[in-house]
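For reference, the structure discussed in these notes is given below.
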Amino acid sequence: MRQLDPLLRGRTVRDVAVNRRRVLGKTSPTRLKLTLKGQTFSGVTRRGKFLVFSFVRATRKDPPILVGHLGMTGRMYLHPRRAFLPKHAAVVLDLGRENFVFEDTRYFGKFTLDTNALDKLGPEPLDRTFTFKKLAEQLGHSKQPIKVKLLDQSVLAGIGNIYASEALFRAGISPAAPANQLTVKQIRALWNAIRKVLLQAIRFGSTVPLKYESSEDQRGLGKDRKDNLFYFGTAPEAPDFYERLKVYDRAGRPCGVCGTAIQRILQGGRSTFYCEKCQGDRKLGALRKGTNQWLQR
């Protein structure tokens, strides 16, 4: 959002091309084109993991709201109009000398006029009005494992699989602990950890420019390089934020605090990474055994 807002503000949509209908959700390609053509961006905001694009009010009619979601592999950036479009350019907005491209390899993302998903989101973790007491209220009625509960966007907007694992490690809380059994001390620690890990991710991620060539065009940075900043692409000047993660995707590697090997388990169909010593819980052994059996199959 911080990258796109100054790049798009004041730019007018001259035309719209939809190459992958799937990402539009309930919005038809015809409606998207008729609605956006001629509209001028007034800004970009964010709600949870959604990017919200607003437009200048030119008539008495309320301007449209465009909602974008990067999904697992989505990217949004400005691309020279005369340059070849990437293979997975799902939607392209003609802005004149440049195109605004929504590129999505797996097409799990969204680029739509349907705003219903925004109404289902919980509070923002970085909002000043969101206190640890409110977090306690959100967690107090659930017996679900805390890691699974943190991924519920109606509880807390914007927490994903990576940062749920990271926050729990920093708070010293077992990912298998029932949400409603956390102590006041643990909830306060978790509240602080969530905010710190998100602020750190934003701080490092915000240094990556969005004006870059498609990931397919990166010379020497293509298929063999892990896309550690998948939101922004593998720009050559991107900081290696991946190594700043404490537990996520570090199974078998030593914990930076105690040296114990990081473990991986499955929770709700998603991978959870944790340190057995720093976040110890007797339930985790059984979960790890089940995960190992599943991996062997």
Calculate log10 I(q)/I(0) of the range 4-119 for q = 0.14, 0.19, 0.21 Å⁻¹, where I(q) comes from the Debye formula with a single equal point scatterer on each Cα and nothing for solvent.
-0.51, -1.01, -1.27
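Using only alpha-carbon positions, what ratio does the radius of gyration of the range 112-205 give when scaled by 2.2 N^0.38 Å?
Rg over 2.2 N^0.38 Å, computed on Cα atoms: 1.05.
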So what does log10 I(q)/I(0) come out to for the range 71-165 at q = 0.11, 0.12, 0.24, 0.25 Å⁻¹, using the Debye formula with one equal point on every Cα and no solvent?
-0.50, -0.57, -1.19, -1.24
Give the total of Lys-Lys pairs in the range 56-153 with Cα-Cα distances below 30 Å; include a pair only if its members are 8 or more places apart or on different chains.
18
Taking only Cα atoms of the range 1-67, the Rg to Rh ratio with Kirkwood Rh works out at 0.95
Just the Cα atoms of the range 35-81: what Rg and Dmax do they give in Å?
12.4, 38
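Only the coordinates and a few stated rules stand behind these numbers; no lab work does. It should be emphasised that the depicted structure is a prediction, and the values quoted were computed from it without experimental measurement.
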